[in-house]
Structures are given as structure tokens and as C-alpha cells.
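Below you'll find the structure, written out as C-alpha cells, and then a few comments.
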Amino acid sequence: MKLKMFTIGSVLMGLLISTGAVSAAGLKGAPAPFDGSKKVHVALIRQMTEGEFMQTYRAGAKIQADLMGIDLTIFGKSMDNQAEANFVYQAINMKVDGIIIDHGLSETMKKPAADAIKAGIPVVAFDVDLKNPEIPQIAQDDELLGMLALKALVKDFNGKANVGYVSIAGILPLDKRDRSWQKIKKENPGIKEIVKTGTLESPIAAKNADQVKAVLLAHPEINAFFAPYDELGKGVVLALRETGRKAKVYTADISTQDIQEMIKPDSPWAATAATNPASIGAVSVRAIALKIAKMKVPHEILIPPKLFTAESLRKEGIKNMKQLRAKFPKFNSVDLLTYPWIPVDKKGLF
């Protein structure tokens, strides 16, 4: 998603005070260091940077940080797990006040995260289990997210479908969504997994399209796909278009690109379950801010999802994320980890 640029005067002045004013005077009623006693520096360290979901997460984190006067330094090299671990040590050496770890592998990130805490730097994590009781875990409610999409599949096929499953083991949110898939198969014997594929090799959509095209040749009986990440789903849609095959696609996450594909009259993309990634980015920043202020933060912070079908998007005339947020205002923001002193954007400006 392309971040829409806007001025302090036209937008933020109408909401709150500018970032410059925050750093000079602090946030009204805020605890230290957000009372203006110190400039706060946070590192956002990312494993996955590709795709509109990831870009929108970053945009939400940046806007929340700006509203709070936080200096946010963003590190990321897509799918380079060693680089992500090294970025943590770079942030430690920079003596940042807090670290947000966005995705990653437990085995490569738990030690760097623990070392940051030993250095006196609080850490929060989004979609990676760092196996540390001191690190709050932020996540979409992935099991519910997977279940919403799968229940739409079961309904559309009256409990009988030959499904191609596109996912990758070892990625925390996908592992959680897999639990829903296993449960749905157990509860609905007519829902059959024909074959499983999936890769996070870049470019994700194109690489998955290549795999799915081979699957479609080998398994003409497939009439549905469950791909619980929208970049995977884009690959399935691309493969279906290039082969001329017919099947319905059920995914997770949503973006303007996703919406524009879903609303096409001939689109195979039937439904997706999603949260607003910008809101997750904002929650991540609020979580680390509260940790920096030595306030209590729950260990598990779950973001509730919503189901969007192609039919409902067409019916409501929704063509992009801006229109989606306008039609479903509760999708704009997540009222978690909010305090009177924390400025929150609820207008869906990103």
C-alpha cells in the first residue's frame, strides 16, 4: 500500500500536537520518559518486509510513533533470519530505549531478545514466540482468523471440497492458522486436503504461482484452495488465471490489491479473514511505550479479525482500504493498550 503523505497542519494538528511539540513538552499526563524528560528511541526489527500487509503494518507503527514523539528506527532485510538477529545487537549497541521484533524464527531470535533484556532494553514481539515471560506477544487471533476463512469455505461447498493447501510450517501465525485447518478437516470429513505446497521465497506470489500451476496439472480434482496469508493467495489466483482453471480461494489478510482482485466479476478469490495491519503496528508501538514507561503490559495481546467476502465487498461498493475503513469503522483501530495520555489515530489516515 502506498503511504499517503499528509501535513501536520492538515491532519495531525486537528488530532493532537505535532511530533516536534511532543518532544519539547512531552505528552500531557504521561509518565516518564514520555513527559518530555527524555527523547525516546525505539528500534523496529523486521523479518518480513514484502507485501502490502507488511508495508501497512510499518505505516501504522510509524504514525503511532510520530504521534507520541518517538524516534523510530526501522531495520529489515526480508526473510534474512541471521540479519534480523544481528539487527537486535545493532540496536543494543545504539542504546535504544525499546525494541519491537516483527516476525522471525524463535530459534534465531530468542537469544538476541534475551540479551537485549539483559542490557536493560525492554522488548515486545509481533508474530514470533520469543519464549520469554518478560516479552509481551502481540498477534492476530490467528486461530479465529483461520477458522473464519475456513467456515466460509465449508459453507460455500456444503461441507465437501477437494482443497489445495498453501502454507509454510515454522512460521508462528501460519502454524496457528494450521490448527484451524486440522480442526476443520476433522469436523468435516468431506473437506479433503489433496496436496500441500508453499514457499516464502521472494517474490512470494510468483514463486507460489509456479508451485500451484504444477499442482493444478497433477490434481485436476482440486476445486478450492486455503492459503492463509494473502501473498500466498495472490500466487494461487495468479496460477488459476494463467492455467484457466476454476477454483475458489480462501485466505487471510487484506489490502487494496487484494480488494481489487476480489471484486473482479470472474475472480476466484472468495473470502479473506483479516485485521487492520496498521492497527497492529500502532498496538506494537503502544506496547513498547508502556514497557519503557514501566507500566503493566499483558503477556498475550490478541487482535480480533473480521471476515470479508468478495460478495460483501461488491455489494458495499468497496474498492480500496480507505473505503473499507469508512464502511467498517471498527476495523480502523484496535482499542488495546490505550491510556488518556497516548494519542491514537482513529481516522484511518494511512
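The values are calculated or read from the model by the stated rules, or taken from the named source; none is laboratory data. None of these values were measured; they are calculated from a predicted model. Glycine gets a Cβ as well: all are built from the backbone with ideal geometry, and neighbour counts include every protein chain shown.
Can you tell me which residues in region 213-236 are part of a helix (DSSP H, G or I) and within 25 Å of Gln47 (Cα to Cα)?
Scanning region 213-236 gives Asp230, Glu231, Leu232, Gly233, Lys234, Gly235, Val236.
Kindly establish whether Asp258 is outside the structural domain of Ile99 (by TED's automatic domain parsing), closer than 17 Å to Leu324 by Cβ and among the acidic types (Asp, Glu).
On the way: outside the structural domain of Ile99 (by TED's automatic domain parsing): yes; closer than 17 Å to Leu324 by Cβ: yes; among the acidic types (Asp, Glu): yes.
Answer is yes for this residue.
Report yes if some residue within region 249-262 is part of a loop (DSSP other than H, G, I, E, B), over 24 Å from Ser333 (Cβ atoms) and more than 17 Å from the chain's Cα centre (by Cα); otherwise report no.
The answer is no, given that none of the residues of region 249-262 is part of a loop (DSSP other than H, G, I, E, B), over 24 Å from Ser333 (Cβ atoms) and more than 17 Å from the chain's Cα centre (by Cα).
Listed here are the residues, each with its yes/no results for (1) in the same structural domain as Val128 (by TED's automatic domain parsing); (2) at pLDDT below 95; (3) touching a helix residue (DSSP H, G or I) at 6+ places or on another chain (Cβ under 9 Å).
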{"site": "Val285", "(1), (2), (3)": "yes, no, yes"}
{"site": "Lys291", "(1), (2), (3)": "yes, no, no"}
{"site": "Lys296", "(1), (2), (3)": "yes, no, yes"}
{"site": "Glu311", "(1), (2), (3)": "no, no, no"}
{"site": "Asn320", "(1), (2), (3)": "no, yes, yes"}
{"site": "Gln323", "(1), (2), (3)": "no, yes, yes"}
{"site": "Lys327", "(1), (2), (3)": "no, yes, yes"}
{"site": "Lys330", "(1), (2), (3)": "no, yes, no"}
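Looking at Val283, Val237 in this structure, which one is more than 20 Å from the chain's Cα centre (by Cα) and of a type in the set (A, V, I, L, M, F, W, C)?
Every option except Val237 fails the conditions.
Select from region 263-288 the residues that are assigned to a loop (DSSP other than H, G, I, E, B), in contact (Cβ under 8 Å) with a residue 12 or more places away in the chain and out of contact with any Asp or Glu (no Cβ under 6 Å at 6 or more places or on another chain) and write down the one among them that is surrounded by the fewest Cβ atoms within 10 Å (Cβ to Cβ).
Within region 263-288, the match that is surrounded by the fewest Cβ atoms within 10 Å (Cβ to Cβ) is Ile263.
Which condition breaks for Asp129 when tested against (1) among the charged types (D, E, K, R); (2) closer than 27 Å to Lys306 by Cβ; (3) touching a residue at least 24 places away in the same chain (Cβ under 8 Å); (4) not in a loop (DSSP other than H, G, I, E, B)?
For Asp129, the failing item is (4).
In region 102-138, what count of residues is obtained for those that are within 20 Å of the chain's Cα centre (by Cα) and crowded, with 20+ Cβ neighbours inside 10 Å?
Of the residues in region 102-138, 15 are within 20 Å of the chain's Cα centre (by Cα) and crowded, with 20+ Cβ neighbours inside 10 Å.
For every residue, the table says whether it meets (1) in contact (Cβ under 8 Å) with a residue 60 or more places away in the chain; (2) polar (S, T, N, Q); (3) touching an Asp or Glu at 6+ places or on another chain (Cβ under 8 Å).
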| site | (1), (2), (3) |
| --- | --- |
| Ser167 | yes, yes, yes |
| Ser180 | no, yes, yes |
| Lys183 | no, no, no |
| Glu193 | no, no, no |
| Lys196 | no, no, no |
| Ser202 | yes, yes, yes |
| Ala206 | no, no, no |
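Please verify whether Ala239 is small (Gly, Ala, Ser) and out of contact with any Pro (no Cβ under 6 Å at 6 or more places or on another chain), treating the condition exactly as stated.
yes
Looking at region 182-197, which of its residues are outside any strand (DSSP E or B) and either acidic (Asp, Glu) or not assigned by TED's automatic domain parsing to the domain that holds Leu216 (or both)?
Across region 182-197, the qualifying residue is only Glu187.
Restricting region 94-120 to residues that are of a type outside the set (Val, Ile, Thr) and in a strand (DSSP E or B), which is farthest from Lys176 (Cα to Cα)?
Among those residues, the one meeting the criterion is Gly98.
Within region 146-153, identify whether any single residue is loosely packed, with under 14 Cβ neighbours inside 10 Å and either touching a residue at least 24 places away in the same chain (Cβ under 8 Å) or closer than 12 Å to Tyr250 by Cα (or both), and answer yes or no.
no
I'm trying to understand the selection: among the residues of region 306-346, which are part of a helix (DSSP H, G or I) and either in contact with an Asp or Glu (Cβ under 6 Å, 6 or more places away or on another chain) or buried (at least 20 other Cβ atoms within 10 Å of the Cβ) (or both)? Break it down stepwise before answering.
Keep residues of region 306-346 that are part of a helix (DSSP H, G or I), which gives 310-316, 321-327, 329-331.
Once the filter is applied, which keeps residues that are part of a helix (DSSP H, G or I) and either in contact with an Asp or Glu (Cβ under 6 Å, 6 or more places away or on another chain) or buried (at least 20 other Cβ atoms within 10 Å of the Cβ) (or both), region 306-346 yields Ala310, Leu313, Met321, Leu324, Arg325, Lys327, Phe331.
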